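No value in this document is a laboratory result; all are computed from the given coordinates. This structure is a prediction, so every number in the text was calculated from the model and none was measured. Using ideal geometry, Cβ is built from the backbone for each residue, glycine included, and neighbour counts are taken over all protein chains shown.
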Amino acid sequence: MTIPAPAQASPATGRIVRPAPAAVLELLKPITWFPPMWAFACGIVSSGASIAQSWPLALLGIVLAGPLVCGMSQAVNDWFDRHVDAINEPQRPIPSGRLPGRTGLYVALGWTALSLLIGWLLGPWGFAATLLGVALAWAYSAPPLRLKRDGWTGGAACALSYETLPWITAAAVLSGGAPDPRVALVALLYGVGAHGIMTLNDFKAIEGDLRFGIRSLPARYGAARAAWIACIVMAVPQAVVVALLLGWGAPWTAAIIGTSLGLQLLCMAKLMRDPRALAPWYNATGVSLYVLGMMAVAAALRPAMGVAP
């Protein structure tokens with residue numbers, strides 16, 4: 001799903017060098033596509049729409065959320081973070097020279113245009129959400145706003161783009177109108193909780209962030225305090241979801257989310273022993289429980305499940 005990257009002339013030889021497709025794909029970071037694709041899938045489920053009848057829209061939306069908008073945001077971020085990555089991740093395509101010149105910027109611009117085109121095909125709700133997602137992606141990484149310079153605002157923009165926006169968008173596109181307010185509320189709560197996940201992802205970049213004045217929470221507060229903040233931010237919204245489910249007459253789903261939260265708390269206790277070293281481990285355990293809970297709630301919110309309005 002990569003578009004040809006512009007050729008660049010080698011400064012040493014003057015010969016045209018075409019970046020390898022593998023380097024372009026690496027720039028788009030496929031490993032990051034899962035969260036927004038999963039959130040979009042949660043929106044599809046919670047909309048109550050028939051997948052058999054609406055699968056083309058559903059498939060197009062999942063592609064838009066992951067390979068396109070998320071991939072575009074990664075390209076934008078890598079371009080404007082190329083000086084930071086030269087310290088934190090020198091093997092990345094831009095600082096390593098595998099994407100020479102302005103190739104990374106051209107990929108980001110091309111992927112932005114393609115995302116907007118596909119978003120247009122999803123109708124007014126889909127296009128409006130795509131515009132917002134694209135705007136947040138550029139505001140997060142690019143000057144003058146560069147929201148990522150502050151861990152609170154940057155993490156919020158990223159988390160809401162990864163979780164809340166695709167969930168609400170899918171529910172709106174598949175239902176043909178504004179989503180159920182309960183769906184929007186749950187999507188917002190899981191987006192707030194995802195701020196903690198974003199904080200954990202910042203542990204790997206502390207040195208470069210400190211050097212270039214990026215005030216991520218780990219760089220700002222240190223690893224231990226940032227880990228406490230991340231855990232609280234992840235746990236509290238899920239506790240609120242449990243309370244809402246009980247109020248909406250879905251005790252079994254509330255029990256599932258409560259059990260998941262309890263297991264996450266056990267994982268958090270281990271994380272706190274060495275937050276920086278154990279952040280990748282937590283992403284594979286606690287975060288997995290988090291996202292599975294999202295789908296359980298989405299299924300409970302389907303109109304056919306009879307959750308009380």
>> Quick check for you: which residues of segment 24-65 have the amide N under 18 Å from the point 7 Å beyond the Cα of ALA142 toward its beta carbon?
In response: 28
> Sorted from fewest to most neighbouring beta carbons within 10 Å, what does the list ILE44, ILE31 look like?
Replying inline: ILE31, ILE44
>> Skipping prolines and chain starts, which residues have an amide H placed within reach, meaning under 5 Å, of the one on ARG215, given they are 5 or more residues away or on another chain?
In response: ASP150, GLY151
> If Lys and Arg each add +1 and Asp and Glu each add -1, what is the summed charge of the other residues whose beta carbon sits under 13 Å from the beta carbon of ALA250?
Replying inline: +2
> For segment 252-301, which trypsin sites (Lys or Arg not before Pro) are in a loop by DSSP, counting at most 10 other Cβ atoms within 10 Å?
Replying inline: ARG273
> Taking 0.36 nm per residue of separation and subtracting the Cα-Cα distance, what length does fully extending LEU185 through ASP150 add?
Replying inline: 10.1 nm
> Is segment 225-264 best put as rounded, prolate or oblate by its Cα gyration tensor, with a ≥ b ≥ c the root eigenvalues, rounded for a/c under 1.5, and otherwise prolate when a/b is larger than b/c, oblate when not?
Replying inline: oblate
> How much length is gained if the chain between ASN283 and TRP252 is pulled fully straight, taking 0.36 nm per residue apart and subtracting their Cα-Cα distance, in nm to one decimal?
Replying inline: 8.6 nm
>> For the pair ALA20/PHE34, report the inter-label distance in nm, with labels modelled 7 Å from Cα in the Cβ direction.
In response: 2.5 nm
>> I need two numbers for the chain: Rg to one decimal and Dmax as a whole number, Cα atoms only, in Å.
In response: 20.0, 70
>> Testing the spin-label approximation: label points 7 Å from Cα along Cα→Cβ at PHE212 and ALA113. State their distance in nm.
In response: 2.6 nm
>> From the phi angles alone, apply the Karplus equation (6.51, -1.76, 1.60; θ = phi - 60°) to segment 28-40 and give each ³J(HN,Hα) in whole Hz, x where the residue is Gly or Pro.
In response: 7, 6, x, 5, 8, 6, 4, x, x, 5, 5, 5, 5
> Averaged over all directions, how much area does the convex hull of the C-alpha atoms of segment 184-309 cover when projected, in nm²?
Replying inline: 7.5 nm²
>> Please enumerate, by chain and number, the lysines with C-alpha under 20 Å from the C-alpha of LYS270, excluding those fewer than 8 residues away in the same chain.
In response: LYS204
